[in-house]
Amino acid sequence: MKNKSLIIAVLALLCAFLLPLLTNDYIVQVATEIAMYAALAAGWNLIGGITGYPSFGNVAFFGLGAMLAGAFSVNWHWPYWLAGIVAVLLTGVLGFILGLPILRLKGHYFSIATLALAEATLAIVTNLQFLGGGKGTSLPLIGSPLLFYYIMLAIACLSALITYLIVHSQYGNTLLAIKSDESAAQAVGINTVLAKSTAFALSAFLGSMVGVVYAIWQSYIDPPTVFEPGITVLMLVMTMIGGAGTVAGPIIGALIIGIMTQLAMAVSQNASSLILGLAIIVVVLFLPQGILGSHRSGKGGKRPGKHSFSWRG
Amino acid sequence: MTILQVENLSKDFGGLRVLENITFSLAAGSVVGLIGPNGAGKSTLVNLIAGADRPTGGEILFASRRLAGLPAWRVARLGLARTFQITRVFTDLSLGDNIRLAAWTRGLRGKGLEAEVRRLADLTELSDKIAKPSRDLTLADQKRLQLARALALKPKLLLLDEVMAGLNPSELDRAIQLLAKLRNEGITMLVIEHLMRVIMNISDRVLVLHQGSLIADGPPAEVVASSQVQEAYLGRRYVQNR
């Protein structure tokens, strides 16, 4: 089973690597977006899928990564790679600190708090002139579409690798135990506050990393675009479709939604929203564990919960 | 030597006082039964001792250390383990991973960790189900798993909250044998149980809670003979039938 998964992963990576040689620029652009969302969804999966805390505010970390890197680069004239590293580290630390109070909340209360976190971050960033204020930040045009495709692909692979290492570690078991029953997890000596906040920080770290690359890829960023709540919804839906708590789930979900969106847009610009809505309904009704979760059900061992994540009050 | 000292412990839920000035102590190596009717405050008492809830007043000393204000995970790492009345296993993990996780938080790694998982699975007669998802276990197996998980912390004190409830007669016999084995290993236990057969079998001493107050504390035979205990919990027929 392990070997089969490894072979599939290597073949998929090979296909992704060779994709630009076999297709045109438009497909590469779409594939870059899919890789970007796969990485974002994998980051969301750490806190929402594995730990069972469905965040509605992860876009805050994506947006912060983009805006901070842009600001450090433009205002302080730092090389972009340095601005990016500092932005990612700062966002990760912020994720940890914010996680300490927010992750004391559970279920709907946690989700509402993260939604408020994203909106508050948007308001703060919009009013901070250092971060470009409401008018946004222009960045120099560097690199090529092909370069950004490979960078996003590398981040998606890194996200999957981090998820794999976590899922196959005692730390991953700690997070799954918290998802199953937090009181029981504490009763076996698990410092749940530390474990959850670390997962939130890792989630913020990955989201921010994607934001940093997105900013320089697009060369212009403004708060309404990079703090768009729909980005979090996409992370959540992609993870749910693929299988929350699994390694490949977010990637499969990003692929499905990415391809379906493109097909829908060929029909009508607005059809993509309709497709997303239908996808959510289908998943909730027929695939509550997602594609991988349903596939693995009943085979024993470690696997996603009965429900991909629970709304625990 | 006293391992647990509870002094004037009280707990209010809003305007309702569920525990009132509870005072008792446990000697190291002893097995103490805790009985009382439903709603007497037994599980609340266990929650307070285990750090899952905070007392309104009073003091809990475990191995001479104050527990008040410590989170449950710190209490567990001090060597105070518990099971839950309604089974709470980690359903996303296999049976082996449930035990392994608890032993890992205790600091075991590598071969030592794996040996401990096997030892506890053997002790609780769960070896053949070690790879099984814990959500697919029967109630009796989930209860045994909770016990194995608690033992993985190498506890100085074990709080067992109705570990026998819902078991059939043969499962019950095996569970009693298991507790007797633990008793022989010298583990101090506070056992909440409704089944008097179990309490009379394994306890050195019995505490009786009624409406949040401790109404009796003594050897099992003495406690069941108490008219106050018969009135509040056992009923007179229990003594006549013995």
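The values are calculated or read from the model by the stated rules, or taken from the named source; none is laboratory data. These numbers were taken from a predicted model, which means no experiment stands behind them. Please note: Cβ atoms are built from the backbone with ideal geometry, for glycine as well, and neighbour counts cover all protein chains shown. The area values use the complete protein model at the heavy-atom level, side chains included, leaving out ligands, DNA and RNA. Shrake-Rupley method; radii C 1.70, N 1.55, O 1.52, S 1.80 Å.
From the square roots a ≥ b ≥ c of the eigenvalues of the alpha-carbon gyration tensor of the range B:1-92, which class results: rounded (a/c under 1.5), prolate (a/b over b/c), or oblate?
In terms of gyration-tensor shape, rounded.
If you average 1/r over all unlike Cα pairs in the protein assembly as shown and invert the result, what Kirkwood radius do you get in angstrom? Walk me through the intermediate numbers first.
Details: mean 1/r = 0.0386 Å⁻¹.
Kirkwood hydrodynamic radius for the protein assembly as shown: 25.9 Å.
Please name whichever of B:Gly39, B:Leu95, A:Val88 sits farthest to the positive end of the charge dipole of the protein assembly as shown, dipole taken about the Cα centre and charges placed at Cβ: Lys and Arg +1, Asp and Glu -1.
The residue sitting farthest along the positive end of the dipole is B:Leu95.
Run the 1.4 Å probe and let me know the accessible area of B:Glu231, rounded to the nearest 10 Å².
130
Starting from the Cα of A:Leu19, step 7 Å along the direction of its Cβ; do the same at A:Gln218; then give the gap between the two resulting points in nm.
About 1.9 nm separates the two model spin labels.
Quick one: compute the contact order of the range A:23-228, relative version, from alpha carbon pairs under 8 angstrom and 6+ residues apart, as a percent. Walk me through the numbers before you get to the answer.
Working: 322 pairs, mean separation 91.8, N = 206.
RCO, the range A:23-228: 45 percent.
Can you work out the accessible area per residue across the protein assembly as shown, with the rest of the protein chains kept in place, probe 1.4 Å, in square angstrom?
43
Summing -39500 (n - 2.57) over the DSSP H runs of n ≥ 4 in chain A and dividing by its residue number, what mean residue ellipticity at 222 nm do you reach, to the nearest 500 deg cm²/dmol?
Taken over chain A, the calculation gives -24000 deg cm²/dmol.
Using a 1.4 angstrom probe with every protein chain in place, what is the largest-first accessible-area order of A:Asp25, B:Asp217, B:Asp53?
Solvent-accessible surface, decreasing: A:Asp25, B:Asp217, B:Asp53.
Quick check on the range A:23-228: what does the Kirkwood estimate of hydrodynamic radius come out to from the alpha carbon pairs, in Å?
Over the range A:23-228, the inverse of the mean reciprocal pair distance is 17.3 Å.
Once you average over the residues of B:129-135, how many Cβ atoms of partner chains fall within 10 Å of each Cβ? Write out the running numbers ahead of the final one.
Values: counts 0, 0, 2, 2, 7, 1, 4.
Mean shielding count: 2.
According to a simple spin-label model (label point 7 Å from Cα along Cα-to-Cβ), what is the distance in nm between B:Asp173 and A:Leu274?
With each label point 7 Å from Cα toward Cβ, the separation is 6.8 nm.
Between chains A and B, what is the buried accessible area summed over both chains (1.4 Å probe, protein heavy atoms, nearest 100 Å²)?
The summed interface area works out to 2100 Å².
Tell me the accessible surface of B:Trp104 in square angstrom (1.4 angstrom probe, heavy atoms of protein chains only), to the nearest ten.
Roughly 70 Å² of B:Trp104 is accessible to a 1.4 Å probe.
Write out the trypsin sites (Lys or Arg not before Pro) in the range B:92-141 meeting two conditions: DSSP loop, and at most 15 other Cβ atoms within 10 Å of their Cβ.
Counting only loop positions with at most 15 other Cβ atoms within 10 Å, the trypsin sites (Lys or Arg not before Pro) in the range B:92-141 are B:Arg109.
Report, as an integer, the average count of C-beta atoms from other chains found within 10 Å of each Cβ along B:102-108.
The shielding value for this peptide is 4.
Assigning unit charges at the beta carbon (Lys, Arg +1; Asp, Glu -1) and nothing else, what dipole magnitude in debye, to the nearest 20, does the range B:102-242 show about its Cα centre?
380
List for the range A:176-190: residues with 40 Å² or greater reduction in accessible area, all protein chains versus chain alone, probe 1.4 Å?
Buried by 40 Å² or more upon assembly, which counts only protein chains, are A:Ser180, A:Asp181, A:Ala184, A:Gln186, A:Ala187, A:Val188, A:Gly189.
Of A:Thr32, A:Leu176, A:Ser73, which is farthest on the positive side of the dipole of the range A:23-228, counting Cα position, with +1 on Lys and Arg Cβ, -1 on Asp and Glu Cβ, and the Cα centre as origin?
A:Leu176
State, as an integer percentage, the relative contact order of the range B:117-207 based on alpha-carbon contacts under 8 Å between residues 6 or more apart.
In percent, rounded to a whole number, it is 28.
Along Cα→Cβ, 7 Å out, is where each label goes; now give me the distance between the ones at A:Lys2 and A:Met265 in nm to one decimal.
The answer from the label model is 4.1 nm.
Quick one: of B:Lys129/B:Lys181; B:Lys156/B:Lys181; A:Lys196/B:Lys111; A:Lys106/B:Lys11; B:Lys11/B:Lys181, which pairs are farther than 26 Å apart, Cα to Cα?
Too far apart for the 26 Å limit: A:Lys196/B:Lys111; B:Lys11/B:Lys181.
Considering only protein heavy atoms and a 1.4 Å probe, what is the carbon-and-sulfur percentage of the accessible area of the protein assembly as shown?
Ligands and nucleic acids excluded, carbon and sulfur reach 63 percent.
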